[in-house]
């Protein structure tokens with residue numbers, strides 16, 4: 001995959017990288033491969049050897065306790081990369097699992113390390129990526145630590161909706177979330193019973209529904225109001241990159 005062969009959606013989802021590094025990431029990736037729902041893409045505790053780029057579908061990044069309880073750390077959507085920072089360590093501290101059938105590309109860690117050593121610009125790009133992930137994780141910590149159950153669920157739904165739209169999906173597709181209430185509970189730190197009760201409250205308010213096994217967002221604007229959602233943390237562009245970049249607009 002090179003820059004000229006990338007779709008507008010791929011260009012958009014890989015926004016905020018300079019043109020030369022967009023080309024690097026594209027040219028180094030292997031051909032896309034398919035993965036089934038629930039397939040493990042990266043094992044917890046494994047030696048990091050590659051960076052993954054999600055072409056289509058959803059995945060999760062997670063950690064598990066010794067007794068099997070799972071915390072979903074993040075949802076990985078089309079255009080997202082994972083493993084970029086794990087390659088700087090000797091062990092991957094999280095797992096990655098396909099949530100839906102997906103297609104994924106991989107970049108060998110040696111190519112990323114070589115470019116990191118060669119290019120200051122690439123190092124800046126990686127630091128911007130790290131900062132973007134940190135901002136989203138900060139918001140998630142605020143979500144689970146200080147928002148009510150209804151607020152945190154509404155906030156999650158809006159965040160996913162906004163991220164899907166930024167990945168290039170039309171609004172109608174971005175309103176469909178292929179996640180279960182168990183998955184929501186594992187991400188928001190709730191029991192499944194509590195998640196179910198909270199979801200039913202949002203259903204009664206006419207903001208969401210279940211449709212063909214997916215969550216359908218009926219009224220994103222009302223969810224924004226319920227959550228007190230402010231999306232600036234999703235839309236920061238690098239202030240220090242001099243080459244052409246892809247804006248978050």
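As a proxy for reagent exposure, 90, 67, 186 were ordered by neighbouring Cβ count within 10 angstrom, fewest first; the result is 67, 90, 186. Taking the number of Cβ atoms within 10 Å of each Cβ as an exposure proxy, the fewest-first ranking of 75, 157 is 75, 157. With the simple model of a label 7 Å out from the Cα in the direction of the Cβ, residue 211 to residue 171 spans 1.3 nm. Distance between the 7 Å Cα→Cβ label points at residue 193 and residue 39: 3.8 nm.
In what order do 176, 61 fall by count of nearby beta-carbon atoms within 10 Å, going from fewest to most?
Values: 176 15, 61 20.
So the ranking, lowest neighbour count to highest, is 176, 61.
Rounded to the nearest Å, what's the spacing between the alpha carbon centres of segment 81-95 and segment 179-212? Just the number, please. Cα centroid to Cα centroid, the span is 30 Å.
Every read-out reported here was derived from the displayed coordinates using simple, explicitly stated rules and does not represent laboratory data. Nothing here was measured: the structure is a model prediction, and the numbers come from that model. In this analysis, Cβ positions are derived from the backbone assuming ideal geometry, glycine residues included, and neighbour counts consider all displayed protein chains.
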